[in-house]
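Participant: Structure provided below as structure tokens; questions to follow.
The values are calculated or read from the model by the stated rules, or taken from the named source; none is laboratory data. Since we're looking at a predicted model, the values are computed, not measured. So basically every Cβ, Gly included, is an ideal-geometry build from the backbone, and we count neighbours across all protein chains shown. Note: accessible area is taken over every heavy atom of the protein model, side chains too, but ligands, DNA and RNA are not part of it. Shrake-Rupley method; radii C 1.70, N 1.55, O 1.52, S 1.80 Å.
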Amino acid sequence: MNTDKTPDLKAIARLAQLIATYAPHDGCFDLPIPGVRVFRSSAVDAEPINVMSQAGICLVAQGAKRVILGDKIYEYDPSRMVVYSMALPVEARVVEASRREPYLCLVMDMSPQKIASLMQKVFPRGLPKTSDANGIHVGHSDQHIVAAAIRLIELLRTPKELQLLSELVLDEIFIRLLCSPLGASVAQIGAAESKTWKIVKAISWIRENYAELLNIEELAGFVNMSESSFHRHFKSITSMSPVQFQKALRLQEAKSLMLSEMMDATTASLRVGYASPSQFSREYSRYFGKPPAQDVKTR
């Protein structure tokens, strides 16, 4: 008998079919639903890829992926869904994929505001306690969430229904997520003044001001935490210090500038806040495994 913790294989196959339709070749494709996209990869990644994840839920319909955050490793596939509570710089690697059976996944962005608006319905008597303060959560795929995801993508065939129902189906998915074993942890991002909510707020500030000098005391005050408590909870949730987080963000943004805007390494390093191009080159090489000049040559 199927349970919420056992994925429906026919439903997973249907989800894979739908994702493949809207991701006709390798790459990431935005669907005409705000915050929803599909991804396909026909080969495993030889090396981990440094990327900035977004807060949201990812359903894998085929293949498997491994993500490293600090010293923690997370793996997910059709039997396990993953939830990112916040934007995080991670090392990601598709570990199971082929041209015949590519890696296929559906990603739905999730905001603290949306979770806050829904969790009052799910937890009218207050949030249950949880000790899980991680930025990434992996749990068993929920057959009801998979079924709702299928209905969401199928709405693309009927524009009128898409306009009327897509937001409702997304709300259903997030409500079912809050009702799942991951719910208490996910709800923390929408709970004002929770430690997770405060770290999400701090990360938003760092992302908007990544080129600025990072003052930990001021940032801790900004989210109403003591400096020691802020540093401890930031490290617990993100598996890195605020300074390490900012450095990863700067390096990823510099790479984006070089590849998408044809910017040279020195200009990119100054743009993201580095005062020393040589220091930038050293840290870039350690983070990405090759010097910035090599990335510029291969763009």
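Participant: With a/c under 1.5 counting as rounded, go ahead and sort the chain into rounded, prolate or oblate using the C-alpha gyration tensor (a ≥ b ≥ c being the square roots of the eigenvalues; past the cut-off, prolate if a/b is larger than b/c, else oblate).
Facilitator: oblate
Participant: Can you check what the Kirkwood hydrodynamic radius comes to for region 44-155, Cα pairs only, in Å to one decimal?
Facilitator: 15.3 Å
Participant: While we're here: Along Cα→Cβ, 7 Å out, is where each label goes; now give me the distance between the ones at residue 278 and residue 79 in nm to one decimal.
Facilitator: Spacing of the two 7 Å Cα→Cβ label points: 5.3 nm.
Participant: A follow-up question, please. With a cut-off of 8 Å between alpha carbons and a minimum separation of six or more residues, what is the relative contact order of region 148-299 in percent?
Facilitator: Working: 119 pairs, mean separation 20.9, N = 152.
Taking the mean separation of contacting Cα pairs over the length of region 148-299, I get 14 percent.
Participant: Can you tell me which lysines have their Cα less than 27 Å from the Cα of residue 201? Leave out same-chain residues fewer than eight positions away.
Facilitator: The reachable lysines, counting only those whose Cα sits under 27 Å from residue 201, are 72, 114, 121, 129, 235, 247, 255.
Participant: Shifting gears a bit: From Cα pairs below 8 angstrom and at least 6 apart in sequence, can you work out the relative contact order of the chain, rounded to a whole percent?
Facilitator: This gives 16 percent for the chain.
Participant: Sticking with this one: Rounded to the nearest 20 Debye, what is the dipole magnitude of region 179-244 about its Cα centre when Lys and Arg each give +1 and Asp and Glu each give -1 at the C-beta? Show your work: numbers first, answer last.
Facilitator: Values: 6 positive and 6 negative charges, 57 e Å.
The dipole magnitude comes to about 280 debye.
Participant: Moving to a separate point now. Per DSSP helix of 4 or more residues, -39500 (n - 2.57); summed, then divided by the residues of the chain. What does that give at 222 nm, rounded to the nearest 500?
Facilitator: So the calculated ellipticity at 222 nm is -14500 deg cm²/dmol.
Participant: Just the number, please: carbon plus sulfur as a percent of the accessible area of the chain, 1.4 Å probe, no ligands or DNA/RNA counted.
Facilitator: 52 percent
Participant: Rg over Rh of region 149-291, using C-alpha atoms and the Kirkwood radius, what does it come to?
Facilitator: Dividing the radius of gyration by the Kirkwood radius yields 1.11.
Participant: When Rg is the radius of gyration of the Cα atoms in region 40-104 and Rh is its Kirkwood radius, what does Rg/Rh come to? Write down the numbers at each step before the final one.
Facilitator: Numbers: Rg = 11.3 Å, Rh = 11.9 Å.
Taking Rg over the Kirkwood Rh, I get 0.95.
Participant: Between residue 224 and residue 68, 0.36 nm times their residue separation minus their Cα-Cα distance comes to what? Could you put the intermediate results ahead of the total?
Facilitator: Details: separation 156, 0.36 × 156 = 56.16 nm, distance 2.93 nm.
Gain on extension, residue 224 to residue 68, equals 53.2 nm.
Participant: By how many nm would the segment from residue 158 to residue 45 lengthen if fully extended, with 0.36 nm per residue of separation less the alpha-carbon distance?
Facilitator: 37.1 nm is the gain from fully extending residue 158 to residue 45.
Participant: Working out 0.36 nm times the residue gap between residue 207 and residue 290, then minus their Cα-Cα distance, what length gain in nm do you get to one decimal?
Facilitator: 27.5 nm is the gain from fully extending residue 207 to residue 290.
Participant: Keeping all protein chains in place and using 1.4 angstrom, which order do 76, 287 fall into by accessible surface area, from largest down?
Facilitator: Most to least solvent-accessible, the answer reads 287, 76.
Participant: Next up: With every protein chain in place, what's the accessible area of residue 26 (1.4 Å probe, Å², nearest 10)?
Facilitator: 80 Å²
Participant: Over the chain, give the accessible area per residue in Å² for a 1.4 Å probe, as an integer.
Facilitator: 50 Å²
Participant: Also, quick follow-up: Based on the Cβ-Cβ distance of residue 241 and residue 123, what FRET efficiency does E = 1/(1 + (r/R0)^6) give at R0 = 35 Å, to the nearest 0.05?
Facilitator: E(calc), rounded to 0.05, equals 0.65.
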